[in-house]
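S.K.: Once you've had a glance at the structure underneath, I'll fire off some questions.
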Amino acid sequence: MAPTAAGYLPILLFLVVALGLSLSFVVLPMLVSKLTGSSNPYPDKLAEYECGFPAFEDSRSQFDVRFYLVAILFIIFDLEAAFLFPWAVSLHATRLVGWGSMMLFLVELALGYIYAWKKGALEWE
């Protein structure tokens with residue numbers, strides 16, 4: 001049985017809505033910025049606001065690798081905290097196996113923390 005053109009109508013409608021939304025999310029902010037004047041830069045708008053003082057070097061220079069190490073360590077320990085909550089909620093169902101697996105996870109995490117500490121990844125000069 002061959003599909004009819006009416007069978008493709010929901011797909012076509014979905015594509016039209018998706019294209020309309022994506023264009024509105026791209027074009028509408030550009031039009032609003034032109035109309036409100038927010039695209040007109042002046043010295044106060046271009047001033048540094050994240051750290052409060054002008055950059056010492058070129059902004060395209062590479063970051064020190066310690067910045068990335070601290071960021072990765074933060075993400076690791078943040079995810080660890082995210083894993084602890086569902087574990088604590090479901091501990092009554094998982095019982096001893098769940099408790100043992102989380103203790104193994106925490107031991108591995110502590111070993112990684114000690115390793116990072118001994119290597120000096122947490123030192124900031």
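S.K.: Considering the dipole of region 63-125 built from charges on the beta carbon (Lys and Arg +1, Asp and Glu -1) around the Cα centre, which of Ile72, Ala121, Gly98 is farthest to its positive end?
M.R.: Farthest towards the positive pole: Gly98.
S.K.: Which trypsin sites (Lys or Arg not before Pro) does region 58-125 hold that lie in a coil by DSSP with at most 14 other beta carbons within 10 Å?
M.R.: Here the trypsin sites (Lys or Arg not before Pro) that fit, given the DSSP loop and packing criteria, are Arg60.
S.K.: If packing is taken as the average count of other Cβ atoms within 10 Å, what order do 9-20, 67-78 fall into, highest mean first?
M.R.: In descending order of packing, they fall as 67-78, 9-20.
S.K.: Next question. Can you give me the Cα centroid spacing of region 80-114 and region 4-39 in angstrom?
M.R.: So the separation of the two Cα centres works out to 45 Å.
S.K.: Output ³J(HN,Hα) for region 67-82: one whole-Hz value per residue in order, computed from phi by the Karplus curve 6.51 cos²θ - 1.76 cosθ + 1.60 with θ = phi - 60°, and x for Gly and Pro.
M.R.: My calculation for region 67-82 gives 4, 5, 4, 5, 5, 5, 5, 4, 5, 4, 6, 5, 5, 4, 5, 5 Hz in order.
FYI, it's all coordinate maths here, none of it is from the lab. What you are looking at is a predicted structure, and each value in this text was computed from that prediction instead of being measured. Cβ coordinates were reconstructed from backbone atoms using ideal geometry, including for glycine residues, and neighbour counts include every protein chain displayed.
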